[in-house]
Amino acid sequence: MKNILCLNKIAKVGTDKLNKAIYNVGTEVENPDAIMVRSAAMHDMTFGENMVAIARAGAGVNNIPVERCATEGIVVFNTPGANANGVKELALCALMLASRDVVGGIKWADSLVGTADVAKQVEKGKSQFAGIEIKGKTLGVIGLGAIGGLVANAAVQLGMDVIGCDPFLSVDAAWNIDSRVHKAATFEDVFKVADYVTLHVPATKDTKGMICADSLALMKDGVRIINLARADLVNASDVKAALASGKVAAYVTDFPTEETVGVKGIVAIPHLGASTEESEDNCAVMAAMELDEYLRLGNIKNSVNFPNVSMPMSGDKRVCVLHANVPNIITQITAALGETGANIENMTNKSKGDNAYTLVDVTGDVSDTLVAKLTAIDGIYRVRVI
């Protein structure tokens, strides 16, 4: 029986995918083999020897110590694309909120409670909330992955001229992007021409603070910025200064902070991007299936710290080796197997950055002595036998 701890409420449609004869799933599980999580902070957590996997029911993993997990032999999964439609729909809403002061207008209308001639006051006062239309405007999409690609396609359908940039765009993602979306070589090329800029990239050392005084200086006067990705992508102080000067007409963010709430020109949405029943269900199902595939078969799909590796089961046992991406480890693994008489039936290895994963299907027994010998090899993080 494998123990799976849920650190947040995970949709039942997802946890129900985990066979109860194999898995013990719950919020009070002790000594977990795996964790399912949404937004719970995990950086200060210590993990037991049994822990082999973490599945984030969502795309962002900034709440998880990803690099530390790798060296402890813990595979971290996310669920790319599972909440993409929910975020896309909120992005379309954000385009409208950035174009017209709908939020301010609603608050003003609510303030008329108890006054006479509300209809006349509305007609007299509505002009202060007027805005612009998105049709014919240029939308710059930063990041054309699962979410950004959907936003770009939808904006084309709404009559916008769309330009996007994604240095890491996969071939599969590219096939799904409308041919009318213009591809820019750099983010700067997007910033220079866009009336609206929408962000759909993860927060990394290269993207944090990408919207700042320098990038804002490249943009059109009156640009409208949408950030449903991560708060860290935007330097809030620089945006506030640009709002005050008129350089930025509106900033819509799904990540309110002390700096951005209650500021004129900023619409702060309480992190609702993936907060739909459908998104939560999709993420939970995908996370559960990723854990099941890894725990039962050793196959990895959608990991953020190890490569995707999948191989049909053959032989008597499967040896799963998580290790550093350094020379000679494969040679040492096969040598150790040969010394104990295990015959290799099938084998695959892939790497991702500093880390790698090797699957070996063998005939014959895999002894504790062999596991200890493999684990002792310099650069190997963890050895599992299935």
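The values are calculated or read from the model by the stated rules, or taken from the named source; none is laboratory data. Predicted model only: the values in this text are computed from it and were never measured. A quick note on method: Cβ atoms are made from the backbone with ideal geometry, for glycine too, and the neighbour counts reach across all protein chains shown. Each accessible area value is taken on the protein alone, full model and side chains, heavy atoms only, with ligands, DNA and RNA left out. Shrake-Rupley method; radii C 1.70, N 1.55, O 1.52, S 1.80 Å.
Do you know which residues across segment 351-363 are surrounded by fewer than 16 Cβ atoms within 10 Å (Cβ to Cβ) and of a type outside the set (Asp, Glu)?
Step one: list which residues in segment 351-363 are surrounded by fewer than 16 Cβ atoms within 10 Å (Cβ to Cβ), which gives 353-354, 363.
Within segment 351-363, Gly353, Thr363 meet the criteria.
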Residue, most open to solvent (accessible area, probe 1.4 Å), within segment 181-208, restricted to residues that are farther than 21 Å from Arg224 by Cβ and more than 18 Å from the chain's Cα centre (by Cα): Lys183
Only one of these is polar (S, T, N, Q), under 30 Å from Ala59 (Cα atoms) and in contact with a strand residue (DSSP E or B) (Cβ under 7 Å, 6 or more places away or on another chain): Asn302, Asn346. Name it. Asn302
Kindly state which strands (runs of 3 or more DSSP E) lie completely within segment 1-46 and contain at least 2 residues that are in contact with a Lys or Arg (Cβ under 8 Å, 6 or more places away or on another chain) and surrounded by 14 or more Cβ atoms within 10 Å (Cβ to Cβ). 23-26, 34-37
Which residues, taken from segment 57-100, are within 25 Å of Thr358 (Cα to Cα), part of a loop (DSSP other than H, G, I, E, B), modelled with pLDDT of 95 or more and open to solvent by 40 Å² or more (accessible area, probe 1.4 Å)? Glu72
Can you work out which of the residues in segment 289-328 that are in a helix (DSSP H, G or I) and charged (D, E, K, R) is most open to solvent (accessible area, probe 1.4 Å)? Arg296
Any residue at all in segment 234-248 that is touching a residue at least 12 places away in the same chain (Cβ under 8 Å), open to solvent by less than 20 Å² (accessible area, probe 1.4 Å) and in contact with an Asp or Glu (Cβ under 8 Å, 6 or more places away or on another chain)? yes
Looking at segment 144-166 only, could you name the residues that are assigned to a loop (DSSP other than H, G, I, E, B), open to solvent by less than 60 Å² (accessible area, probe 1.4 Å) and on the phi < 0 side of the Ramachandran plot? Leu144, Gly145, Met160, Asp166
Tell me yes or no: at least one residue of segment 329-339 is open to solvent by 60 Å² or more (accessible area, probe 1.4 Å) and either in a loop (DSSP other than H, G, I, E, B) or under 28 Å from Asp16 (Cα atoms) (or both). no
If I go through segment 349-386 residue by residue, how many of them are out of contact with any strand residue (DSSP E or B) (no Cβ under 9 Å at 6 or more places or on another chain) and assigned to a loop (DSSP other than H, G, I, E, B)? 3
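Those residues that are open to solvent by 40 Å² or more (accessible area, probe 1.4 Å) and either under 21 Å from Leu90 (Cβ atoms) or of a type in the set (S, T, N, Q) (or both), I need them from segment 167-180; list them, please. Talk me through it step by step, then tell me what you get.
Of all residues in segment 167-180, those open to solvent by 40 Å² or more (accessible area, probe 1.4 Å) come to 167-172, 174-176, 179-180.
Matches in segment 167-180: Ser170, Asn176, Ser179.
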Contact list please: Cβ distance under 9 Å, first residue in segment 128-155 and without any contact (Cβ under 8 Å) to a residue 40 or more places away in the chain and closer than 14 Å to Ala94 by Cα, second residue open to solvent by 60 Å² or more (accessible area, probe 1.4 Å) and assigned to a loop (DSSP other than H, G, I, E, B), pairs at least six apart or on different chains. Gly131/Arg100; Gly131/Asp101; Ile132/Arg100; Glu133/Arg100
